[in-house]
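Derivation of every value follows stated rules applied to the coordinates shown; laboratory data play no part. Predicted model only: the values in this text are computed from it and were never measured. Cβ atoms come from the backbone with ideal geometry, glycine included; neighbour counts cover every protein chain shown.
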Amino acid sequence: MRNRDKQCQACITNYDVLYRCRYGGENTWYFLCENCLIEIKNKYQDSYQYGGTWKAMKKK
């Protein structure tokens, strides 16, 4: 297994698990931590779209 990290694109903090989503009518996908994801989901209820979960531990 490989161990990787990635930054939340909202709070710029490294996390082991991020959530891919898009919102606000944009076509761009964002990787967000759980806290930022909850804020976005509440703020953009009409346009929020979940796109999967990214995990640091990935099987080869």
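Scan the range 22-31 and give yes if some residue there is surrounded by 15 or more Cβ atoms within 10 Å (Cβ to Cβ), in contact (Cβ under 8 Å) with a residue 24 or more places away in the chain, part of a loop (DSSP other than H, G, I, E, B) and not polar (S, T, N, Q), otherwise no.
Among the residues of the range 22-31, at least one is surrounded by 15 or more Cβ atoms within 10 Å (Cβ to Cβ), in contact (Cβ under 8 Å) with a residue 24 or more places away in the chain, part of a loop (DSSP other than H, G, I, E, B) and not polar (S, T, N, Q), which makes the answer yes.
Can you find a residue that is surrounded by 15 or more Cβ atoms within 10 Å (Cβ to Cβ) and either in a helix (DSSP H, G or I) or in contact with a Gly (Cβ under 9 Å, 6 or more places away or on another chain) (or both) anywhere in the range 10-20? Walk me through it before giving the result.
Step one: of the range 10-20, the residues surrounded by 15 or more Cβ atoms within 10 Å (Cβ to Cβ) are 10, 15, 18-20.
Narrowing the set further to residues that are either in a helix (DSSP H, G or I) or in contact with a Gly (Cβ under 9 Å, 6 or more places away or on another chain) (or both) leaves 19-20.
Yes, there is a match, as at least one residue in the range 10-20 is surrounded by 15 or more Cβ atoms within 10 Å (Cβ to Cβ) and either in a helix (DSSP H, G or I) or in contact with a Gly (Cβ under 9 Å, 6 or more places away or on another chain) (or both).
Under 8 Å between Cβ atoms, at least 6 apart or on separate chains: pull out the pairs that start in the range 42-55 with a residue that is under 9 Å from Tyr23 (Cα atoms) and end on any residue that is β-branched (Val, Ile, Thr).
Tyr48/Ile40
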